[in-house]
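What follows is a short report on a single structure.
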Amino acid sequence: MNSSDYTQSAGAQQPLMLAIPPHLSGVRLDQALAELLPQYSRSRLQAWIAEGAITLDGAAATAKRKVWGGEQVQVAPMLHPSETSPQAEAIGLDIVFEDAAILVINKPAGLVVHPGSGNWSGTLMNALLHHAPQLQALPRAGIVHRLDKETSGLLVVAKTLEAQTDLVRQLQARTVKRHYLAVVEGQVAQNGRVEAPIGRHPTARIKMAVVSRGKPAVTHYQVLERFARHTLIECRLETGRTHQIRVHMQSIGYPLVGDPSYGAKHTPRLLQRQALHAAQLGLMHPVSHQALEWEAPVPDDLRTLIETLRKP
C-alpha cells in the first residue's frame, strides 16, 4: 500500500465506538466508515479492517461486508510506520571505518538506505540506530547521501550534527570523491562525460529521466575492459542525483546490466540486480580535515559476472 494513502495522523490511540446510522443501510463497511470517519483515508480504514483493528458487533469483518444500520463498530486507530520514528534493529553492518565523527559502511545489494513505502523496517537507518543510538538525534540518523537498494558499496554517515553539516557542504561543493564500477550493455568506444539534467520521469513517476527542467547532473566514465557485448566502466560523479549513473548511461545507449528499469535487455541470469558498485569514496575528515579514502572490494555476484563475460 502506498504511503501517500495515509493522509492524516491517527492522533490519540483510544478505541472509537460507533453505531452505523440507518441512512447507511445496504452499503459496504469500508464505505460507511469513510463517511463516518472522514479524517482517515478509505485505504487506511481498509487496512485496519484487514488487520483486525476494526470489529463489527465484536467480531472481525471484511471491508466488503454490508451493514444495515444499528451495528456497533469499534475502531482501534493505529499509527502508520511513516508517522513513527524509525526503530533500532540488530542488523549486521560491514563497517569500513569509524571514529567519533563519522562511520563508513560497505552496503550490500538489497539493503534499503531509508525507510519508505514497502520498506518500513530492515533498512540501513534501522541498523545504524542499533549500532549508534545517539544517531536518533540527527536528521536522517546522520545519513548524508544514499545508494539505491540494489547498488552495493561505500557510503558515509555522520555521527554528530557538526560532522553532518560539514559533509553536506562537501557534497554540495562536489569535493567528495565517489567512483563506481559498472557493467553496461554494448561496447563503449571511448572514455566520456555525460552532462544532462535529471528529473522525475514525465509519465513513470517512480523513475527518473533526462528532462530539460531537471537538476544539473554530470557523470564521467572511463572504459576499464571490453567484452564481446558488454563493457566494464568506472564512473565518477560530480553530482549525486537519484539514479544518476543508471539514467545517464541509458541515455547514451549503454544501460547497466541487470537494470530493466532503465533499458537493460541482455542480462546474464547470474546477476539479479543492476551491475553497479560504489567502489571508492574519498573526503576530508570533518574534524581533522585530513584527506581520507576507502575502497570496497568487488562483491561476489559482480565479480562472477565479470569473470563470466571474460570467457570466450
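The values are calculated or read from the model by the stated rules, or taken from the named source; none is laboratory data. Only a predicted model underlies this, so the values are computations on that prediction, with no experimental measurement involved. So basically every Cβ, Gly included, is an ideal-geometry build from the backbone, and we count neighbours across all protein chains shown.
Residue-wise test of (1) outside the structural domain of V287 (by TED's automatic domain parsing); (2) basic (K, R); (3) at pLDDT below 90; (4) closer than 18 Å to H145 by Cβ.
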site	(1), (2), (3), (4)
M78	yes, no, yes, no
A101	no, no, no, yes
V104	no, no, no, yes
G118	no, no, yes, no
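Is it true that P286 is surrounded by 15 or more Cβ atoms within 10 Å (Cβ to Cβ) and part of a loop (DSSP other than H, G, I, E, B)?
The answer is yes for P286.
Can you name every one of the strands (runs of 3 or more DSSP E) wholly within region 152-247 that holds 3 or more residues which are within 21 Å of the chain's Cα centre (by Cα) and touching a residue at least 60 places away in the same chain (Cβ under 8 Å)?
Where strands (runs of 3 or more DSSP E) fall fully within region 152-247 and carry at least 3 residues being within 21 Å of the chain's Cα centre (by Cα) and touching a residue at least 60 places away in the same chain (Cβ under 8 Å), they are 152-158, 177-185.
Could you tell me whether V113 is in the same structural domain as K207 (by TED's automatic domain parsing) and in a loop (DSSP other than H, G, I, E, B)?
Answer is yes for this residue.
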